[in-house]
Amino acid sequence: MNWYDRWILPRLIDLSMRNREARRYRERMIPQAAGRVLEIGFGSGLNLPFYGAHVEHLFALEPSRDLRRIAGRRVGGAPFAIELLDRSAEDIPLERASVDTVVTTWTLCTIPHAARALAEVKRVLTPAGTLLFVEHGLAPDARVQRWQHRLNPLWNRIGGGCNLNRKIDEIIAGSGFRLAELHMEYVRGLKPLSFTYSGRAQLAIDPPATRLDPGVESRV
Ligand SMILES: C[S@@+](CC[C@H](N)C(=O)[O-])C[C@H]1O[C@@H](n2cnc3c(N)ncnc32)[C@H](O)[C@@H]1O
C-alpha cells in the first residue's frame, strides 16, 4: 500500500463523506434499519448516529484498518452492540439468513467484485430481510456518461478503487434482488460524481429480477 492510500485516503474519505447531501440521505435511509444489521463498507462510522431504536446488533464490516481505527472512536456509547469485522464484503463472515437488514452507502462503487458481494449479502439476509442502499453511479445522460467513462481510470486511482460508472440498479436487480423502492437524482456537485441511487431491495423469489417492480417510484 502506498503512502497516499495509507495516510491520506482514509482521512479524505472521512472528511468528504461528512457533507450535507450525504447527511440528507443518511437521515432518510439509515433509521429504516432494524433487527440484526450488517453494514458493508462501514468506513469511518458516519452512519452510526442515524441508526434507530429498532437496531439490536450491528455488524460493521470494513476492510481498511485505518478507517476501522477512525470508526473505533465513534462506536462508544451506541445503545446496541457493535462488532467491527475486518473482512471484505465478498467474503462475509456470517451465517446464512442471519441478518435482517444490510446497509450499503457509497460502497458498491468501490468493492472490486460488487456482484460477488451482493451474492454474499443475499446469503446472509433472512428471506424477509431488506437491503438499504445509497450509492453514486452511472448517470442517465449520454454527455455525463461520457465524462464518467473518461474520468474513471483517474478517479479509480485517487478514490481508492471507486468507480463513477457502475449502473447500481442493474447490479442490484441482476444479483437476485427485487427493487422495492428506487430514487435516482443528481445531487449538488459535479454531475459525473453526483448521480445518486437510493432505495430498498428485497430478495427476489423468482430467478434474478432484471426489471424494476411496476410500482417502483423512480425519479431522474
Ligand atoms: C466512499 S467510502 C464510504 C464509507 C461509508 N460507507 C460512508 O457512507 O461514509 C467506501 C468504503 O468502501 C469500503 N470498501 C472498499 N472495498 C471494500 C470491500 N471489498 N468490502 C467492503 N467494503 C469495501 C472502503 O474501505 C470504504 O470504507
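The values are calculated or read from the model by the stated rules, or taken from the named source; none is laboratory data. Everything numeric in this text was worked out from a predicted model, so none of it was measured. Here the Cβ is made from the backbone with ideal geometry for all residues, glycine too, and neighbour counts use every protein chain on show. SASA here: full protein model, heavy atoms, side chains in, ligands and nucleic acids out. Shrake-Rupley method; radii C 1.70, N 1.55, O 1.52, S 1.80 Å.
Side notes on the structure shown:
- Close contacts from the stretch 102-113, counting a first residue that is open to solvent by less than 10 Å² (accessible area, probe 1.4 Å) and a second that is near the ligand (Cβ under 8 Å from one of its atoms), with Cβ to Cβ under 7 Å and a gap of 6+ residues or different chains, come to Val102/Ile40; Val103/Glu39; Val103/Asn47; Thr104/Ile40; Thr104/Gly41; Cys109/Cys162.
- Enumeration of residues in the stretch 59-68 that are touching a Lys or Arg at 6+ places or on another chain (Cβ under 8 Å) and either without any contact (Cβ under 8 Å) to a residue 12 or more places away in the chain or farther than 18 Å from Trp106 by Cβ (or both): Phe59
- Scanning the stretch 145-180 for residues that are surrounded by fewer than 19 Cβ atoms within 10 Å (Cβ to Cβ) and touching a Lys or Arg at 6+ places or on another chain (Cβ under 7 Å) yields a count of 1.
- Test: residue in the stretch 17-32 that is more than 17 Å from Leu108 (Cα to Cα) and in contact with an Asp or Glu (Cβ under 9 Å, 6 or more places away or on another chain): no
- Here Arg6 clears all of (1) more than 17 Å from Thr101 (Cα to Cα); (2) within 10 Å of the ligand (Cβ to nearest atom) except the condition numbered (2).
- Hey, Glu56 within 14 Å of the chain's Cα centre (by Cα), in contact (Cβ under 8 Å) with a residue 24 or more places away in the chain and closer than 27 Å to Ala128 by Cβ or not: no
- Candidates in the stretch 59-80 are the residues that are of a type in the set (Lys, Arg) and not in a loop (DSSP other than H, G, I, E, B); of these, the one that is surrounded by the most Cβ atoms within 10 Å (Cβ to Cβ) is Arg68.
- Val121 being closer than 27 Å to His54 by Cα and within 14 Å of the chain's Cα centre (by Cα): yes
- Within the stretch 185-220, the set of residues being touching a strand residue (DSSP E or B) at 6+ places or on another chain (Cβ under 7 Å), farther than 20 Å from Leu118 by Cα and modelled with pLDDT of 95 or more comprises Glu185, Tyr186, Val187, Leu193, Ser194, Phe195.
- Counted as qualifying within the stretch 86-201 are the helices (runs of 4 or more DSSP H) with 3 or more residues that are within 12 Å of the ligand (Cβ to nearest atom) and of a type outside the set (Phe, Trp, Tyr), namely 114-124.
- When residues of the stretch 1-36 are limited to those that are surrounded by 14 or more Cβ atoms within 10 Å (Cβ to Cβ) and assigned to a loop (DSSP other than H, G, I, E, B), the one farthest from the chain's Cα centre (by Cα): Ala34
- A single entry from Glu39, Glu83, Glu56 fulfils the requirement of being near the ligand (Cβ under 10 Å from one of its atoms) and part of a strand (DSSP E or B): Glu39.
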